[in-house]
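To start, the structure itself, in structure tokens.
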Amino acid sequence: MSKKSATPAERIIMLKDGLAWHYSLPASVLNPIAKERARQNEKWGEQNHAAEIWLAILIEEMGEVSQALLHDKSGGHAAGTLRDELVQVAAVAIQWLECIDRNGGEK
Ligand SMILES: [Mg+2]
């Protein structure tokens with residue numbers, strides 16, 4: 001019996017007592033986030049900030065999510081940008097995690 005090969009987005013997390021959690025994240029979600037991460041690195045280079053700065057950056061991005069929602073309802077230049085803004089939120093959160101890992105888990 002051949003074992004089904006996992007796509008890069010598929011993961012199996014082994015839990016205690018032999019239980020496994022199998023999940024898959026669609027490429028339609030992951031690819032835009034990876035592309036955004038590459039764009040951020042190209043624009044800003046490696047970023048190493050204190051937690052409060054990362055939080056401020058993340059909240060600024062969340063503010064843009066809120067703006068996109070409001071402009072979708074009431075009109076404005078940010079209408080139609082919700083998905084892109086959510087991708088930026090995810091990319092910033094990933095970048096923050098990368099920073100934590102680079103610095104030995106220090107926050
Ligand atoms: Mg944004």
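Taken together, the values in this text are just the output of simple stated rules run on the coordinates, not laboratory data. Nothing here was measured: the structure is a model prediction, and the numbers come from that model. Glycine also receives a Cβ, built like all others from the backbone with ideal geometry; neighbour counts cover every protein chain displayed.
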Inset, instruction - Only residues that are among the small types (Gly, Ala, Ser), farther than 21 Å from Asn103 by Cα and not in a strand (DSSP E or B): list them for the range 21-67, please. - result: Ala27, Ser28, Ala34, Gly63, Ser66
Legend entry - In the range 77-89, residue nearest to the ligand (Cβ to nearest atom) [restricted to those that are more than 10 Å from the chain's Cα centre (by Cα) and either within 14 Å of Gly63 (Cα to Cα) or among the hydrophobic types (A, V, I, L, M, F, W, C) (or both)]: Glu85
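Per-residue answers, yes or no, for (1) under 15 Å from the mean Cα position of the chain (by Cα); (2) within 15 Å of the ligand (Cβ to nearest atom):
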{"residue": "Trp54", "(1), (2)": "yes, yes"}
{"residue": "Leu69", "(1), (2)": "no, yes"}
{"residue": "Ile100", "(1), (2)": "yes, no"}
{"residue": "Gly105", "(1), (2)": "no, no"}
Inset, instruction - Look at Val92 and say whether it is under 22 Å from Asn31 (Cβ atoms), within 15 Å of the ligand (Cβ to nearest atom), in contact (Cβ under 8 Å) with a residue 40 or more places away in the chain and surrounded by 13 or more Cβ atoms within 10 Å (Cβ to Cβ). - result: yes
Legend entry - Counted residues, the range 68-81 - those being without any contact (Cβ under 8 Å) to a residue 12 or more places away in the chain and not in a loop (DSSP other than H, G, I, E, B): 5
